[in-house]
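Right, one structure below, let's go through it.
The values are calculated or read from the model by the stated rules, or taken from the named source; none is laboratory data. All values reported here derive from a predicted model rather than from experimental measurement. Because the Cβ atoms are built from the backbone with ideal geometry, glycine has one as well, and the counts that use them run over all protein chains shown.
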């Protein structure tokens, strides 16, 4: 009996009828006409005339086989000697099987790695959460302690901290105070002229159809009001003491700037209503009503007070 499968080349056990690897039927050596010369075992594979023995022939061999003969079978032929070769036996490829096995091994390895990563990641995540919680608790505790400490320091030294945050202003001399007040008083003349221009703008343009002209006039009034507010802030920042010889002068100049601001604010309020309409002539009464809100006896009350105060409010140098 052959020692190797004629299909896949796998080793065969003695007496095997089928290949344990591929399941193919095992071909055996055949003595043609009982002549030993007709047997040509090559590489352990016996195939008649270079071709595999047909299935019907092998079945016939099985029926005619002598049970006591384990090596050869007698096959009736056409009395011609036959030779046996290996080339005619087709071999079954094992490449596909090997590739499948390799893929299964690779997939198993990948799955194992992913499972391990998931387990390790979960453990690290849990550890991270615990560490984060501990850190947050520590930070909260430290924050509370810092807050309590800061509160204690504020209670103990609140006054001293206030002094540090707002340094003392250098005290102005009497001459410096007079110069500041006198300059502010002189600038009132220029502001009075600008107010007159804004009043003229309003009288000439508040019923105009041109939105651009009315908007430009309103912008000039807004700018003038902003400049007056800055002047008043600068005067108040002087912080002239009540004991100063120029305390009354300071109060008078400050009131004059307040009057000028009141006059301009009336114009700005009227312009706010005016520029809402494309045809302001249809809303003339509404616009003028806003302008007249600060009137007393037909005259703006701020203008009346300004005219009363201005002549006597000029600062006088103390000797």
Please work out if residue 163 is at pLDDT below 95, under 56 Å from the mean Cα position of the chain (by Cα) and part of a helix (DSSP H, G or I). yes
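Residue-by-condition table, conditions (1) touching a strand residue (DSSP E or B) at 6+ places or on another chain (Cβ under 9 Å); (2) in contact (Cβ under 8 Å) with a residue 60 or more places away in the chain; (3) surrounded by 15 or more Cβ atoms within 10 Å (Cβ to Cβ):
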position	(1), (2), (3)
191	no, yes, yes
209	no, yes, no
218	no, no, yes
226	no, no, no
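I'd like the full set of residues that are surrounded by 11 or more Cβ atoms within 10 Å (Cβ to Cβ) and either in contact with a strand residue (DSSP E or B) (Cβ under 6 Å, 6 or more places away or on another chain) or without any contact (Cβ under 8 Å) to a residue 24 or more places away in the chain (or both), limited to the stretch 179-189. Don't jump to the end; show me each part of the working.
From the stretch 179-189, those surrounded by 11 or more Cβ atoms within 10 Å (Cβ to Cβ) are 179-188; that's our starting set.
If the condition is that a residue be surrounded by 11 or more Cβ atoms within 10 Å (Cβ to Cβ) and either in contact with a strand residue (DSSP E or B) (Cβ under 6 Å, 6 or more places away or on another chain) or without any contact (Cβ under 8 Å) to a residue 24 or more places away in the chain (or both), then 179, 183, 186 are the ones that fit.
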Right, residue 256: crowded, with 17+ Cβ neighbours inside 10 Å, at pLDDT 95 or above and assigned to a helix (DSSP H, G or I) or not? yes
It is to be established whether one or more residues within the stretch 192-203 are more than 30 Å from residue 279 (Cα to Cα) and either in a helix (DSSP H, G or I) or assigned by TED's automatic domain parsing to the domain that holds residue 281 (or both). yes
Would you check which residues across the stretch 99-119 are under 22 Å from residue 8 (Cβ atoms) and at pLDDT 75 or above and list them? 101, 102, 103, 104, 105
Residue satisfying all of: in the stretch 236-251; surrounded by 18 or more Cβ atoms within 10 Å (Cβ to Cβ) and part of a helix (DSSP H, G or I); farthest from the chain's Cα centre (by Cα) among these: 249
